[in-house]
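The values are calculated or read from the model by the stated rules, or taken from the named source; none is laboratory data. If you're wondering where the values come from, they're calculated on a predicted model, not measured in any experiment. Cβ: placed from backbone, ideal geometry, glycine included. Neighbour counts: every protein chain shown.
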Amino acid sequence: MANPSQAAAAPSHGSSTAPLLQGAWLTRGAEGRFSAYLPREGEVVRWTEEPDGSWTGPVSLGGPGPAGALTPFLAVGQGADRYVHLVGLRPTDGGDDHLELVHCVQFQTGRPAVAWRSLGHSNGKGPWTGNPAVAVDGQGRVYAFMRNGGGGLSVRAQKDAGGWHPWWDLMGSKTDPSPVAVTNGSGFVELYSSHAKGLVRYVQRESGAKPIREELLPASVTMGTLAAATGPSGHVTLFYLDLDGQVRAWSPERSLEPTVLGKAVGTGRLAATRCLIDGFDCTVLAQQSADGRLALAAYPSEQEADGIEWSETGERHADLAAVLTRGLDGRLVAMARTGDGAPITTRQKASAEGLLLEGWRSIG
């Protein structure tokens with residue numbers, strides 16, 4: 001049996017037929033309609049919500065190029081301008097020995113995306129070293145993070161006047177292959193990762209600056225379970241599983257030490273967002289339960305002492321990845337990837353008390 005600190009980190013860029021997803025792969029446009037993105041057969045496909053609530057797609061956003069097709073991985077980030085940034089991994093020599101990051105952006109809901117462009121690799125050339133994470137700062141600049149060959153973190157950031165800075169080495173070692181990137185209420189980018197001995201945070205202190213690595217916080221962490229959300233105070237809260245199977249929350253800017261919220265219902269990655277429940281700002285967590293269903297838990301945002309209780313929803317699935325967000329009305333919207341088919345989605349009921357969901361339905 002794998003060591004619990006490594007068990008959730010085993011999937012690589014192409015070792016599984018199921019897509020590997022990072023970030024907000026369900027996004028909301030400025031007009032309120034949603035888009036969903038998945039890697040499929042060497043490209044990225046997109047579904048688009050129509051004004052009447054129906055969905056169209058999948059539509060190809062491309063991906064294959066002279067160097068080969070995309071691997072089954074996708075990281076998605078969205079800025080305050082609602083532009084959607086996609087980052088994938090592409091073999092540079094027709095095989096899996098060397099990979100590069102590629103980026104494209106969709107500016108408007110349902111419109112074509114711009115052509116994919118290479119971001120290179122943090123080591124110049126190299127095999128898979130980790131799953132990239134994407135965040136967009138308050139000025140609309142994109143930051144693509146990835147674990148480098150030395151086990152630390154590197155980032156490539158957009159410049160103010162277009163183009164990209166060279167790769168910045170953020171230092172570190174033995175980090176989680178799947179870090180989490182998020183933008184705080186001040187528009188600064190933060191990155192969270194775990195280490196065999198604890199938690200690591202990288203944070204900007206000035207707009208456009210290189211994120212700075214802070215001291216490692218000793219903690220018991222299961223790699224591959226991290227999720228983060230920015231709270232009503234503008235501060236970020238990180239969620240993760242410890243080695244005892246407890247869900248913990250850590251918010252350094254609120255002086256919140258890793259705090260137990262409750263027992264996890266599964267062993268995999270968490271998802272997190274904020275929404276309105278009975279008019280109150282709440283944080284919602286999701287995880288696939290041990291019996292294969294999606295479980296949700298909610299608590300008043302930044303009131304961790306209230307703890308969480310899980311409630312399962314939907315059918316059982318062998319492999320499930322969930323993403324959470326909210327609509328223009330503040331209600332929860334959930335989507336799940338359940339294999340090679342179209343994703344399924346549900347919404348929080350408008351007139352019901354508490355966190356009650358509509359029935360799950362396929363979007364394509």
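I need the full set of residues from the stretch 196-219 which are out of contact with any Leu (no Cβ under 9 Å at 6 or more places or on another chain), among the aliphatic types (A, V, I, L, M) and either in a strand (DSSP E or B) or over 19 Å from GLY150 (Cβ atoms) (or both), in order please. Step through it out loud before you land on a result.
As a first pass, look at the stretch 196-219 and keep what is out of contact with any Leu (no Cβ under 9 Å at 6 or more places or on another chain): 196, 204-209, 214-215.
Now narrow it down to the ones that are among the aliphatic types (A, V, I, L, M): 196, 209.
ALA209 - this is the single residue of the stretch 196-219 that is out of contact with any Leu (no Cβ under 9 Å at 6 or more places or on another chain), among the aliphatic types (A, V, I, L, M) and either in a strand (DSSP E or B) or over 19 Å from GLY150 (Cβ atoms) (or both).
Anything in the stretch 134-172 that is polar (S, T, N, Q) and not in a strand (DSSP E or B)? List them, or say none. Please lay out each step first, then the result.
From the stretch 134-172, those polar (S, T, N, Q) are 139, 148, 154, 158; that's our starting set.
Of everything in the stretch 134-172, those that are polar (S, T, N, Q) and not in a strand (DSSP E or B) turn out to be GLN139, ASN148.
When you check GLY130 against the structure, is it over 20 Å from TRP164 (Cα atoms) and not β-branched (Val, Ile, Thr), yes or no?
Details: over 20 Å from TRP164 (Cα atoms): yes; not β-branched (Val, Ile, Thr): yes.
For GLY130, the condition - over 20 Å from TRP164 (Cα atoms) and not β-branched (Val, Ile, Thr) - is met.
Evaluate the following for SER5: is it at pLDDT below 90, more than 18 Å from the chain's Cα centre (by Cα), outside any loop (DSSP other than H, G, I, E, B) and closer than 30 Å to ALA196 by Cβ? Please lay out each step first, then the result.
On the way: at pLDDT below 90: yes; more than 18 Å from the chain's Cα centre (by Cα): yes; outside any loop (DSSP other than H, G, I, E, B): yes; closer than 30 Å to ALA196 by Cβ: yes.
Here the answer is yes, as SER5 does meet what is asked.
Name the strands (runs of 3 or more DSSP E) wholly within the stretch 220-293 that hold at least 1 residues that are closer than 23 Å to VAL134 by Cβ and touching a Cys at 6+ places or on another chain (Cβ under 8 Å)? Steps first, please.
Working: elements: 227-230, 236-241, 246-251, 256-263, 271-277, 280-288.
In the stretch 220-293, 271-277, 280-288 are the strands (runs of 3 or more DSSP E) which contain 1 or more residues that are closer than 23 Å to VAL134 by Cβ and touching a Cys at 6+ places or on another chain (Cβ under 8 Å).
Between ALA334, ALA298, which is buried (at least 17 other Cβ atoms within 10 Å of the Cβ) and under 17 Å from VAL236 (Cα atoms)? Spell out how you get there, then give the answer.
Values: ALA334 fails: under 17 Å from VAL236 (Cα atoms).
On inspection, the qualifying residue turns out to be ALA298.
What number of residues in the stretch 90-139 are in contact with a Ser or Thr (Cβ under 8 Å, 6 or more places away or on another chain) and exposed (fewer than 13 other Cβ atoms within 10 Å of the Cβ)?
Total satisfying the criteria: 0.
What's the total number of residues in the stretch 213-258 that are small (Gly, Ala, Ser), crowded, with 19+ Cβ neighbours inside 10 Å and over 20 Å from GLU309 (Cα atoms)?
2
How many of the residues making up the stretch 295-331 are in a loop (DSSP other than H, G, I, E, B), within 27 Å of SER362 (Cα to Cα) and of a type in the set (Gly, Ala, Ser)?
Residues that pass the stated criteria total 4.
Would the stretch 244-257 turn up any residue that is among the polar types (S, T, N, Q) and on the phi > 0 side of the Ramachandran plot? Spell out the reasoning first.
Step one: list which residues in the stretch 244-257 are among the polar types (S, T, N, Q), which gives 246, 251, 255.
Right, trim to on the phi > 0 side of the Ramachandran plot and you get 255.
There is at least one residue in the stretch 244-257 that is among the polar types (S, T, N, Q) and on the phi > 0 side of the Ramachandran plot.
Tell me which of these GLN158 doesn't satisfy, since it passes every other one: (1) under 30 Å from ASP93 (Cβ atoms); (2) of a type in the set (S, T, N, Q); (3) surrounded by fewer than 22 Cβ atoms within 10 Å (Cβ to Cβ); (4) in contact with a Ser or Thr (Cβ under 6 Å, 6 or more places away or on another chain).
Against the list (1) under 30 Å from ASP93 (Cβ atoms); (2) of a type in the set (S, T, N, Q); (3) surrounded by fewer than 22 Cβ atoms within 10 Å (Cβ to Cβ); (4) in contact with a Ser or Thr (Cβ under 6 Å, 6 or more places away or on another chain), GLN158 comes up short only on (4).
May I ask you to list the residues in the stretch 173-195 that are closer than 20 Å to LEU101 by Cβ, touching a strand residue (DSSP E or B) at 6+ places or on another chain (Cβ under 6 Å) and assigned to a loop (DSSP other than H, G, I, E, B)?
Residues satisfying the conditions are ASP176, PRO177, PRO179.
Would you check which residues across the stretch 140-155 are out of contact with any Asp or Glu (no Cβ under 6 Å at 6 or more places or on another chain) and buried (at least 16 other Cβ atoms within 10 Å of the Cβ) and list them? Break it down stepwise before answering.
Looking only at the stretch 140-155, we keep the residues that are out of contact with any Asp or Glu (no Cβ under 6 Å at 6 or more places or on another chain), and these are 141-153, 155.
Within the stretch 140-155, ARG141, VAL142, TYR143, ALA144, PHE145, MET146, ARG147, ASN148, GLY150, GLY152, LEU153, VAL155 qualify.
Quick one: what pairs do we get from the stretch 171-196, first residue more than 20 Å from SER207 (Cβ to Cβ), second outside any strand (DSSP E or B) and hydroxyl-bearing (Ser, Thr, Tyr), C-beta under 7 Å, 6+ apart or different chains?
ALA196/SER5
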